[in-house]
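Visitor: Structure incoming, see below.
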Amino acid sequence: MTVRRVVLGENSAGKAVVVSDGASPRETAFQHIPGFVSAPMWTTPDVPSRSRSITDPMATGGTLLQPPGGSTFMVITFPPDAVFMSPDFKPELAGPEHAKAIPGIAETFEMENPGMHKTPTLDYGVVLDGRISLELDGGVIVNLERGDTFVQHGARHAWRNPNDKPATIAVVLLGAH
């Protein structure tokens with residue numbers, strides 16, 4: 001899956017222009033987790049400015065977990081959970097790939113509870129396609145489907161896809177105090 005990313009800005013005359021049009025340079029289709037795609041679209045380390053000089057923050061590496069005032073916009077496709085249960089799944093290969101694709105966020109994942117994590121962010125999201133479940137503390141499950149939205153206030157959670165088709169979400173993570 002390639003997510004089209006159109007970045008707009010203004011030229012020196014103040015006219016709207018397309019700065020770039022195509023996939024994010026950091027989009028990753030995981031080799032060791034078939035069907036998992038992480039597409040970080042944009043990130044800001046602090047409150048953004050409306051500068052006419054636009055440098056693509058995705059053109060270089062770096063953390064996707066921003067401090068208070070910063071933000072990250074991502075589109076993520078989750079394969080069915082069956083992918084992780086396959087005898088061909090190798091967590092020792094998937095882990096480093098995950099860490100490379102989403103630095104900063106990957107470090108918040110709990111080793112003893114696969115998928116569970118807690119980030120110091122306020123997240124706004126929407127399910128773009130499919131059905132997906134949020135697992136919370138105590139085994140509480142919140143089922144979401146296409147068109148459903150979520151607001152996540154730094155709570156411990158895991159994304160689960162117990163279905164037979166992939167699910168895609170778009171999420172904006174805002175660095176919080």
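Visitor: Heavy atoms only, probe 1.4 angstrom, no DNA, RNA or ligands counted: give me Glu110, Glu10 ranked by accessible area, highest first.
Guide: Most to least solvent-accessible, the answer reads Glu10, Glu110.
Visitor: Can you give the net charge of the other residues whose Cβ lies under 9 Å from the Cβ of Met58, counting K and R as +1 and D and E as -1?
Guide: That sum, taken over residues with Cβ under 9 Å, equals 0.
Visitor: Sequence neighbours fewer than 8 away in the same chain don't count; with that in mind, list the lysines whose C-alpha is under 18 Å from Lys100.
Guide: List returned: Lys90.
Visitor: Now a separate question. Using a 1.4 angstrom probe on the protein heavy atoms only, line up Met58, Met85 by accessible area, largest first.
Guide: Met85, Met58
Visitor: For Val172 and Gln31 in one chain, what is 0.36 nm times their gap in residues minus the Cα-Cα distance, to one decimal in nm?
Guide: Difference between extended and current length: 48.3 nm.
Visitor: Given a cut-off of 17 Å, what percent of all Cα-Cα pairs of the stretch 1-83 lie beyond it?
Guide: Beyond 17 Å sits 55 percent of the P(r) for the stretch 1-83.
Visitor: Sticking with this one: Suppose the chain between Ser12 and Val140 were pulled fully straight at 0.36 nm per residue; how much longer would it get relative to their current alpha carbon spacing?
Guide: Using 0.36 nm per residue and subtracting the Cα-Cα distance, I get 40.8 nm.
Visitor: R0 = 35 Å: FRET efficiency of Asp148 with Glu107, Cβ-based, nearest 0.05?
Guide: Step by step, r from the Cβ atoms, then E = 0.80.
Visitor: Considering only C-alpha atoms, what is the centroid distance from the stretch 113-137 to the stretch 1-58, in Å?
Guide: 22
Visitor: Same structure, new question: Just need the relative contact order of the chain here, percent rounded to a whole number, with Cα pairs under 8 Å and 6+ apart.
Guide: Over the chain, the number comes to 22 percent.
Visitor: Can you give me the relative contact order of the stretch 56-158 as a percent, contacts being Cα pairs under 8 Å and 6 or more apart?
Guide: The normalised contact order for the stretch 56-158 reaches 22 percent.
Visitor: Ignoring ligands and nucleic acids, what accessible area does Asp21 show with a 1.4 Å probe (Å², nearest 10)?
Guide: The accessible area comes out at roughly 90 Å².
Visitor: What fraction, in whole percent, of alpha-carbon pairs in the stretch 35-137 exceed 23 Å separation?
Guide: Every Cα pair in the stretch 35-137 considered, those over 23 Å come to 34 percent.
Visitor: Per residue, how much accessible area does the stretch 20-177 show when a 1.4 Å probe rolls over the protein heavy atoms, in square angstrom?
Guide: Dividing the accessible area of the stretch 20-177 by its residue count gives 54 Å².
Visitor: For Phe36, what residues show an amide H to amide H distance below 5 Å, using hydrogens built from the backbone and excluding near sequence neighbours?
Guide: Phe30
Visitor: So between Val19 and Thr60, what do we pick up on full extension, going 0.36 nm a residue minus the alpha carbon distance?
Guide: Length difference between fully extended and current span is 13.1 nm.
Visitor: I'd like the carbon and sulfur percentage of the solvent accessible area for the chain, probe radius 1.4 Å, heavy atoms only, ligands and nucleic acids excluded.
Guide: 58
Visitor: Evaluate the distance, in nm, between pseudo-label points positioned 7 Å from the Cα of Ala82 and of Ser49 along their respective Cα→Cβ axes.
Guide: Placing both labels 7 Å along Cα→Cβ, they lie 5.2 nm apart.
Visitor: Tell me what the chain gives for mean residue ellipticity at 222 nm when only DSSP H runs of n ≥ 4 count, each as -39,500 (n - 2.57), the sum divided by the residue total, rounded to 500 deg cm²/dmol.
Guide: -2000 deg cm²/dmol
Visitor: Here's another thing I want to ask about it. How large is the direction-averaged shadow of the alpha-carbon convex hull of the chain, in nm²?
Guide: 10.6
Visitor: Determine ³J(HN,Hα), in whole Hz, for all residues of the stretch 115-132 in sequence, where each value follows from phi through the Karplus function 6.51 cos²θ - 1.76 cosθ + 1.60 and θ = phi - 60°; x replaces Gly and Pro.
Guide: With the stated coefficients, the stretch 115-132 comes to x, 6, 7, 8, 10, x, 9, 9, 10, 10, x, 9, 7, 7, 7, x, 10, 8 Hz.
The values are calculated or read from the model by the stated rules, or taken from the named source; none is laboratory data. Computed from a prediction, not measured in an experiment: that's the story for all the values here. No Cβ is skipped: glycine too gets one built from the backbone with ideal geometry, and neighbour counts run over all protein chains shown. We work out accessible area using only protein heavy atoms, side chains counted, and drop any ligands, DNA or RNA first. Shrake-Rupley method; radii C 1.70, N 1.55, O 1.52, S 1.80 Å.
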